[in-house]
Amino acid sequence: MPELPEVETVARGLRRTIVGRRIVSVRLGKTDFIDDPAALEQNLPGRLIEAVERYGKFMLLRLSAVSGGEFVPSNGDSVPAALLVHLGMTGQIAPSAAAQPSEKHTHAFFTLDDHRELRYTDARRFGRLAYLQAESLAEELRAFGADPLEISAEEFAKQARSRRARIKSLLMDQGFLRGVGNIYADESLWRAKIHPARLGVVLKKEQAVLLHRVLREILQKAIVLRGSSISDFLDAEGQPGEYQQHHRAYGREGERCYRCGSVIRRAIVAGRSSYYCPKCQPAPRGCFALPLSRRKSGKSKKKVGG
Ligand SMILES: [Zn+2]
């Protein structure tokens, strides 16, 4: 699933290509991943895309109030609004020439005022589109915690150390931090030498502060490298990211730790496969690695795409 760096990468691409354009019309295919399909069809035409923001793992396309005589909504509502875009597992959103044939699994077409279409493609449809106005938008955002690139070390450490949850599930808890998922949780825990199953409450303050620092560094570097392309993540220009070449733990079961040479192991923490070095990140009592599924030499198996 695209996490903060991948979504930020897509958002940056959209900022370059669609901000300032007006949505002329909306055409939908399958709609089971859309909150209220009719709301999109009724409310988007006529609105200007004023900004593209990333919020945790999703994007908000900020829309102007409807202007001019182009479209008068029947309910008389012309307050600013937003289109929420969550890419789920396999979602992609990018503009293309309206004349260009669409990819398979394209389920939403937003015709722009410059002969292009903003298209949303999603083979598995675990994504989400929703039209949100002032109050529903505020309601939607209320559930989310701090952005990991904005929260202070002090606040992060205080919050993390007050919780009895496992640190991996804390990092992925969108109500605590918004935007971190499985990959960047494992990578930052490896870098900070903390086992994913450690409880937040047992971390020393220095450990929590270090985790905060490495998490930010990893996310920032991953943004520069346009995210990690595992399976099929592509940015708004259709290019894969490159951060997967820098993974130190995620997806490396059976391979050597870059720091100490031990074999990277996998355990299920917070319901997810969690990769860690058993020497650099000693496990708390009662947490065991899964048996190595089969012998892998580092070179024989290509774990990542791109
Ligand atoms: Zn190690």
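The values are calculated or read from the model by the stated rules, or taken from the named source; none is laboratory data. Just so it is clear, the structure is predicted and the values come from calculations on it, not from any experiment. In this analysis, Cβ positions are derived from the backbone assuming ideal geometry, glycine residues included, and neighbour counts consider all displayed protein chains. These accessible areas exclude ligands, DNA and RNA; they are computed on the full protein's heavy atoms, side chains included. Shrake-Rupley method; radii C 1.70, N 1.55, O 1.52, S 1.80 Å.
Values for this structure:
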quantity: Members of segment 150-170 that are surrounded by 15 or more Cβ atoms within 10 Å (Cβ to Cβ) and out of contact with any strand residue (DSSP E or B) (no Cβ under 6 Å at 6 or more places or on another chain); calculated: 151, 153, 156, 157, 159, 160, 161, 163, 165, 167, 169, 170
quantity: Meets criteria (over 20 Å from residue 140 (Cα atoms), among the small types (Gly, Ala, Ser) and out of contact with any Leu (no Cβ under 9 Å at 6 or more places or on another chain)) for residue 20; calculated: no
quantity: Leading residue by the ranking (modelled with the highest pLDDT) among those in segment 237-246 that are in a loop (DSSP other than H, G, I, E, B) and open to solvent by 10 Å² or more (accessible area, probe 1.4 Å); calculated: 242
quantity: Candidate set from segment 1-33 (those that are out of contact with any Lys or Arg (no Cβ under 9 Å at 6 or more places or on another chain) and hydroxyl-bearing (Ser, Thr, Tyr)); member that is surrounded by the fewest Cβ atoms within 10 Å (Cβ to Cβ); calculated: 25
quantity: Number of positions in segment 98-107 that are open to solvent by 40 Å² or more (accessible area, probe 1.4 Å) and in contact with a strand residue (DSSP E or B) (Cβ under 7 Å, 6 or more places away or on another chain); calculated: 4
quantity: Answer residue from segment 262-272, given it is more than 10 Å from the ligand (Cβ to nearest atom) and open to solvent by 30 Å² or more (accessible area, probe 1.4 Å) and is farthest from residue 187 (Cα to Cα) among those; calculated: 271
quantity: Among (1) within 23 Å of the chain's Cα centre (by Cα); (2) surrounded by fewer than 17 Cβ atoms within 10 Å (Cβ to Cβ) - the single one residue 110 does not satisfy; calculated: (2)
quantity: Residues (assigned to a loop (DSSP other than H, G, I, E, B) and hydroxyl-bearing (Ser, Thr, Tyr)) located in segment 1-32; calculated: 31
quantity: Residues of segment 273-306 that turn out to be open to solvent by less than 70 Å² (accessible area, probe 1.4 Å) and at pLDDT 55 or above, as a count; calculated: 16
quantity: Extreme residue, farthest from residue 187 (Cα to Cα), among residues of segment 273-285 that are more than 14 Å from the ligand (Cβ to nearest atom) and assigned to a loop (DSSP other than H, G, I, E, B); calculated: 285
quantity: Residues satisfying the stated conditions in segment 228-261, i.e. within 11 Å of the ligand (Cβ to nearest atom) and of a type in the set (Phe, Trp, Tyr); calculated: 258
quantity: Residues (more than 15 Å from residue 152 (Cβ to Cβ) and open to solvent by 20 Å² or more (accessible area, probe 1.4 Å)) located in segment 209-222; calculated: 217, 220, 221
quantity: Residues that are modelled with pLDDT of 95 or more and open to solvent by 60 Å² or more (accessible area, probe 1.4 Å), drawn from segment 80-91; calculated: none
quantity: Residue, farthest from residue 8 (Cα to Cα), within segment 34-54, restricted to residues that are assigned to a strand (DSSP E or B) and open to solvent by 40 Å² or more (accessible area, probe 1.4 Å); calculated: 48
quantity: Exclusive hit being in a loop (DSSP other than H, G, I, E, B), surrounded by fewer than 18 Cβ atoms within 10 Å (Cβ to Cβ), touching a Phe, Trp or Tyr at 6+ places or on another chain (Cβ under 9 Å) and not β-branched (Val, Ile, Thr), set 226, 259, 252; calculated: 259
